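Visitor: Sharing a structure with you now.
Here, each number is a calculation from the coordinates, and none is a lab measurement. Source: prediction; values computed, not measured. All Cβ positions, glycine included, derive from the backbone under ideal geometry; neighbour counts span all protein chains shown.
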Amino acid sequence: MTEPEESGSKIKYRAGCRRDKNSGAQFELFDENDRTNEKIDAAKEIISREGLTLHYLKSSGEASAAVEELMKGKFPLGLDIETAKLNEFRDHKQAGLEPHLSCIRLIQLYGGGEKVYVFDMFALNVKILFPIWDKPLVAHNAVFDVKHLLHAGAKPHQIGCTMLMANALTGKLFSLADLGREHLGWRMSKTQQISDWDSPTLTQDQLEYAALDSVAVYKMFRILMDQIAKNKLIQVYTLMRDAQLAIAKMELNGIYFDLNGHQRLMATWHQAKKRSAEELLQVLGPHVNPDSSKQISSWLQTNLDKEALNEWPMTKTGQLKTDRSTLARGPHHPLTTPLQKYKDAAKMLSTFGTGYAEHINPVTGRIHAYFRLGGTATGRLSCSGPNIQNPPRDKQFRKLFSAPAGRILVVADYGQIELRVAALISGDESMLEAYANGEDLHRKTAAAIAGVPLKEVTPEQRQAAKAVNFGLLYGQGPKGLARYAKTNYGVDMSEREAVEAREAFFQTYSGLKRWQQETARKAESSKSVVTLGGRVRDFSREARGYQYTEALNTPIQGGAAEVLLATLPKLDKYLEGLDAKLVNVVHDEIVLEVAKRDAPRTKQAVEKAMIEGMLAMFPNASTVGLVEAKAGANWAEVK
DNA sequence: GGCAGCCGCGCG
DNA sequence: AAAGCGCGCGGCTGCC
């Protein structure tokens, strides 16, 4: 049998290539070694080597007996599922991964010993497995399995995940096959991953392949848990594990998106793009593609005068930079306005246009994005397919995320959570005092920089202080601060002023300064940093190695991420009995869609969960002004 | 035609 | 001494 998936030099998949999810990451996975010529074992060989027997169950009598046997097994049971596309969506790229477009074909379970069970869910009802769902289970990329099980009417209450365990240990997301190779010495075949799971009859190869994954997760759980305990990673793993159910439900819920409004908006973008393209043509001529930074750079090279070119910033490959802040700086040029207008419209159309709306699910009419636990170096979630963590703040766009008839959005966010976390982990008394008294830290910083009393701080001074707070928190230098203040806050700050602002900042927040020095010192010598929840970021595993600014950022961003993770299971619990759905999570913000009558109680529930999430990580935190929840017809209205 | 790196840009 | 961080996505470009 040929093995096309193994013939390439990189074991790397694009979305939609496969029908199960044991690659782990849906889009791309880490692959440390090139295994071009490595031998692969058929599942049959491993099964026989391990002394296992496969039991394929197609009748409810056999299945009940098997469930009874499994209930005597060792917990957590190893679990895996295979899914089949629904007929109507045979041609849909993602159908096999998406619960609304597919169904569970097989459920594989292993509880130690000789027998591994494969339940054929074309022949059986999921209810027959009901005692199992209350028991501890483990799967690889368990959120995937949980989503399908929930959709099929089963609710697994306690489920571990080998992918998240490995993430706690390494910071990365590995496929099951990679973990199997590393921890079991198994060279697992992937041939059957793309096979036809829709067929009424499955081959022995398919059944063996399916069965083996449940054995792999069972065995690996024990090995990984041992390592997690030894390395004091229980907390970071548990934070992720306990967030799984809320994430699975959120992905299954999806978020409502106003397709008609989106199409009207796209028409305005098209117009804007067309108009600015015509203006650009007058400046650039017909041979420059405005979508090409390289071509714009060449054009600038030949059309700019010497003085301008002398101080024009370059990219790392020696191109003249053409980004917004570079174009906006210095004396005005006839190119800048039309080019920026063009870029703005082009960005909307490319990233937030047709392709975005194509993610609307044909069954639910909603967007079901993928939220990846452990998807970032700091412990934040990442989101894709589409990324609904970065929709433009423009009201016209944000309001497309709305509530269907009879419903309303409840949106809650943490106020300045990273600054709060910085105050708490550094123990800086001045910052802590400000938060304890419900003071505005930006104002406090502004007063310190300007050397005036709090009451005399002007709005401009406060705006500048925001840049100072967010920049200096992560080790920004004077030059960077001046640039950052201009670009992100519209504040003109000379380098001299930036130096003075830094001095005033660190004099006021001397505890933070000490923490930064100490954190950087430890991180540099150990080549790693650790968050409060115990997530280790190992710089020696990263291409860039130790980086001062990353070392300072990680415990703060990571600490805030852990607060959110701690919040999610609490939120799920407090939403019980309410007609409320979690539909989006954006780092420090939670979006829910609720029946109108449940809005007040949902606001209370989310505020309670968020405050308790903060206190779970930081028991001494001030909760004054920590959380704000609002209700409105759409996402724009609530901001 | 596929892929990877670069650039730029949307968000927190 | 100096150093903002974290993502995902799309277009272009050069390479295979």
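Visitor: What is the spread of the Cα atoms of segment A:484-626 along each of their three principal axes, largest first, in whole Å?
Guide: 55, 39, 31
Visitor: Quick check on packing: order A:441-453, A:495-507 by the mean number of other C-beta atoms within 10 Å, highest mean leading.
Guide: By packing density, highest mean first, the sequence is A:441-453, A:495-507.
Visitor: I would also like to ask the following. Taking every DSSP beta bridge with both residues inside segment A:40-231, roughly what % is antiparallel (nearest 5)?
Guide: Numbers: 13 of 25 bridges.
If we restrict to bridges inside segment A:40-231, about 50 percent are antiparallel.
Visitor: Further question on the same structure: Any idea what the relative contact order of segment A:111-198 is, in percent, if you count C-alpha pairs under 8 Å spaced at least 6 apart? Don't skip to the answer; put the middle values down first.
Guide: Working: 73 pairs, mean separation 17.5, N = 88.
Worked out over segment A:111-198, it gives 20 percent.
Visitor: What net charge do the residues around A:LYS273 carry, taking every other residue with its C-beta under 13 Å from that of A:LYS273, with Lys and Arg at +1 and Asp and Glu at -1?
Guide: In short, +1.
Visitor: Quickly estimate the mean residue ellipticity at 222 nm for chain A, helices only: each DSSP H run with n ≥ 4 gives -39500 (n - 2.57), and the total goes over all residues, rounded to 500.
Guide: -14500 deg cm²/dmol
Visitor: If you take the beta carbon distance between A:SER60 and A:ASN620 as r and set R0 to 51 Å, what does 1/(1 + (r/R0)^6) give as a FRET efficiency, to the nearest 0.05?
Guide: 0.40
Visitor: Step through the residues of segment A:269-276 one at a time and calculate ³J(HN,Hα) from phi using the Karplus curve (6.51 cos²θ - 1.76 cosθ + 1.60, θ = phi - 60°), rounding each to whole Hz and writing x for Gly and Pro.
Guide: Running phi through 6.51 cos²θ - 1.76 cosθ + 1.60 with θ = phi - 60° gives 5, 4, 4, 4, 5, 5, 4, 6 Hz.
Visitor: If amide hydrogens are placed 1.01 Å from N in the peptide plane, which non-local residues have theirs closer than 5 Å to the one on A:GLN416?
Guide: The answer is none.
Visitor: Could you grab the relative contact order for chain A? Cα pairs under 8 Å, six or more apart, rounded to a whole percent.
Guide: 13 percent
Visitor: Check cross-link reach from A:LYS74 to the lysines: straight Cα distance under 25 Å, and skip same-chain residues fewer than eight apart.
Guide: A:LYS21, A:LYS44, A:LYS58, A:LYS115, A:LYS127, A:LYS135, A:LYS147, A:LYS155, A:LYS219, A:LYS230, A:LYS232
Visitor: In terms of Cα to Cα distance under 17 Å, which lysines are near enough to A:LYS274, apart from those fewer than 8 places away along the same chain?
Guide: A:LYS341, A:LYS343, A:LYS347
Visitor: 7 Å from Cα along Cα→Cβ at both A:GLN463 and A:THR53: what's the point-to-point distance in nm?
Guide: Simple spin-label model gives 7.7 nm for this pair.
Visitor: For A:ASN361, enumerate residues with amide H under 5 Å from its amide H, sequence gap 5+ or separate chain, H modeled in the peptide plane.
Guide: So A:ASN361 has HN proximity to A:ARG366, A:ILE367, A:HIS368.
Visitor: Okay, next question. Beta carbons within 10 angstrom, averaged per residue: use that to sort the peptides A:591-600, A:262-271, A:372-381, highest first.
Guide: Values: A:591-600: 19.4, A:262-271: 14.5, A:372-381: 21.6.
Averaged packing, sorted descending, gives the order A:372-381, A:591-600, A:262-271.
Visitor: Between A:VAL586 and A:LYS395, what is 0.36 nm times their sequence separation minus the Cα-Cα distance? Round to one decimal in nm. Mind dumping the intermediate values first?
Guide: On the way: separation 191, 0.36 × 191 = 68.76 nm, distance 1.69 nm.
Result: 67.1 nm gained on full extension.
Visitor: Right, here's the next one. Have a look at the DSSP beta bridges in segment A:46-147 and tell me what percent are antiparallel, nearest 5. Let's see the in-between values first.
Guide: Working: 13 of 20 bridges.
For segment A:46-147, the DSSP antiparallel bridge percentage is about 65.
Visitor: Below 13 angstrom from the Cβ of A:LYS513, what's the summed charge of the other residues (Lys, Arg +1; Asp, Glu -1)?
Guide: Taking every other residue near A:LYS513 into account, the sum is -1.
Visitor: Now for a different question. If we sort A:295-307, A:509-521 on the protection proxy, mean other Cβ atoms within 10 Å, highest first, what's the order?
Guide: A:509-521, A:295-307
Visitor: Taking every pair of alpha-carbon atoms in chain A, what share in percent sits in each 10 Å bin, from 0 to the bin with the longest distance?
Guide: Percent of Cα pairs in each bin: 3, 14, 21, 24, 21, 11, 5, 1, 0.
Visitor: OK, next. Could you name the aspartates and glutamates in cross-link range of A:LYS72, using Cα to Cα under 18 Å and dropping any fewer than eight places away on the same chain?
Guide: Result set, ordered by chain and number: A:GLU62, A:GLU114, A:ASP134.
Visitor: If you average the sequence gap of Cα pairs under 8 Å that are 6 or more apart and divide by the length of segment A:40-231, what percent do you get for the contact order? The partial results should precede the final answer.
Guide: Numbers: 340 pairs, mean separation 54.5, N = 192.
It comes to 28 percent, rounded to a whole number.
Visitor: Among A:GLN301, A:HIS262, A:LEU335, whose Cα sits farthest toward the positive end of the charge dipole of segment A:259-357 (+1 at Cβ of Lys/Arg, -1 at Cβ of Asp/Glu, about the Cα centre)?
Guide: Of the listed residues, the answer is A:HIS262.
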